[in-house]
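The values are calculated or read from the model by the stated rules, or taken from the named source; none is laboratory data. Keep in mind the model is a prediction, meaning the values are calculated, not measured. As a convention, Cβ positions derive from the backbone with ideal geometry for all residues, glycine included, and neighbour counts pool all protein chains shown.
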Amino acid sequence: MHIFDIIALFIFFAGLFIFINTFFLKLPSSIGLMILAITLSVILLIVGKIFPSLSIGAAELEEYDYPEVLYQVVLSFMLFSGALQIDFKKLSKERTPVLVLATTGVLISTAVIGTLVHYMLDFLGIELDILYCFVFGALISPTDPIAVTKTIKKFKLAKELEIKIAGESLFNDGVAVVLALTLLDLAHAQEDHALSVFETGYIVCADIGGGIFIGLFLGYIGYRLLKYVDNEQVQVEILITLAVVMAGSFLADFIHVSSKQAAVVMGLVIGNEGRGEHVTSAAGDYVFKFWNLIEESLAAMLFVLIGLEMLVIPWRLDYFAAGFFAVNIVLLGRWLSVFIPIKLMSFQRTFQPNTVSVLTWGALRGGLPIALSLSLIDFHGKDIIVTMTYIVVVCSVLYQGLTVPQLMTARFKSNKEF
């Protein structure tokens, strides 16, 4: 079976599960897909035990180079699509809190989660370098914008709060992924020799600065091409955006800078310049609809992958214990990453009641952390990071996802903040 057969299988199951959930389970899509995918994994495990010849496990799945597909295609496409949806004009007065929460918040979350996970793993007797703990802290920080947006639309939130939630969720994906990959580069470089302050600064600046430069350059070229093409030539506009994303990924990887940073910057440039008032929508409506469809389709496939990951993760009691400890650590990190910036900004700005509560508990994890953890190149400790990521995402989607409506109702009735 070829890697593209595996992708076709994911698409088939994603479509099947969406149909079953829509017409029978009628649960929020992320929760329904997760339950169905885990059910499929359990069935495959049981069948494998009864009929060993039909067993599907890590050896069979790891035979294919799907981590490369996840890294080169899925992550770049999802980050570009997410950035494309960010309209700075719509953020309006909420631009500052959104940017602060998505940048400072991710840094706080990474630092808190990475530090506490390091001590927790040391307590459990699991060896993992502290830089890799920070990599886990960064990759688990992004929230799922699709799940978050669909959740908040069910409640009559204040417009300002809704913009903060949706904007921060869209923006923190790119920040967290770029931070995780930069920390990973630092960790790999440190394995060869102890890094000086200059070397550390050079790696960070080269990774992020180079990605920003390529993103600005190709994003502007893409915008000028879209402006030149008539909006009725939908297929040409879509092909231009696809070409820009793929070219950016190739060029960034070729000169060893952050291709994911480039994808985010390209999305921001095309998404905002394409909507500019000084042109008649350089990027046509169908471009945004196409990339929104791509993001939702990839998200659905990733939820199937999350469920099937049960076949790949190592079944070790200490790893699972670490995963369940990590669930609480991640929630604490998220709360602090929201609480601290909001309390500091509240000296100059007014925030709606329950902002901290909603931003903390409503921040569901999605497929992006799973895709990122699986796409990491092999290193000592990758298995524990993948296992913790799996458990945190599953608990987030099922536990937080199912209880968010109750929390929203209770908090807004009591009109209190915790």
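One table, with the values for the structure above:
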{"read-out": "Residues being of a type in the set (Ser, Thr, Tyr) and touching a residue at least 60 places away in the same chain (Cβ under 8 Å) - total across segment 328-382", "value": "5"}
{"read-out": "Condition met for residue 335 (buried (at least 18 other Cβ atoms within 10 Å of the Cβ), modelled with pLDDT under 90 and of a type in the set (Phe, Trp, Tyr))", "value": "no"}
{"read-out": "Selected residue (only one of 70, 91 is surrounded by 16 or more Cβ atoms within 10 Å (Cβ to Cβ), within 28 Å of residue 292 (Cα to Cα), touching a Gly at 6+ places or on another chain (Cβ under 6 Å) and modelled with pLDDT under 80)", "value": "91"}
{"read-out": "Single unsatisfied condition, residue 368 versus (1) outside any helix (DSSP H, G or I); (2) within 15 Å of residue 137 (Cβ to Cβ)", "value": "(1)"}
{"read-out": "Residue in segment 120-166 that is modelled with the lowest pLDDT, counting only those that are among the acidic types (Asp, Glu) and over 22 Å from residue 296 (Cβ atoms)", "value": "160"}
{"read-out": "Residue tally, condition modelled with pLDDT of 80 or more and within 28 Å of residue 204 (Cα to Cα), over segment 231-256", "value": "15"}
{"read-out": "Selection within segment 287-327 - closer than 20 Å to residue 32 by Cα and free of Cβ contacts under 8 Å to residues at least 24 places away in the same chain", "value": "293"}
{"read-out": "Test: residue in segment 366-379 that is in contact with a Gly (Cβ under 7 Å, 6 or more places away or on another chain) and at pLDDT 80 or above", "value": "no"}
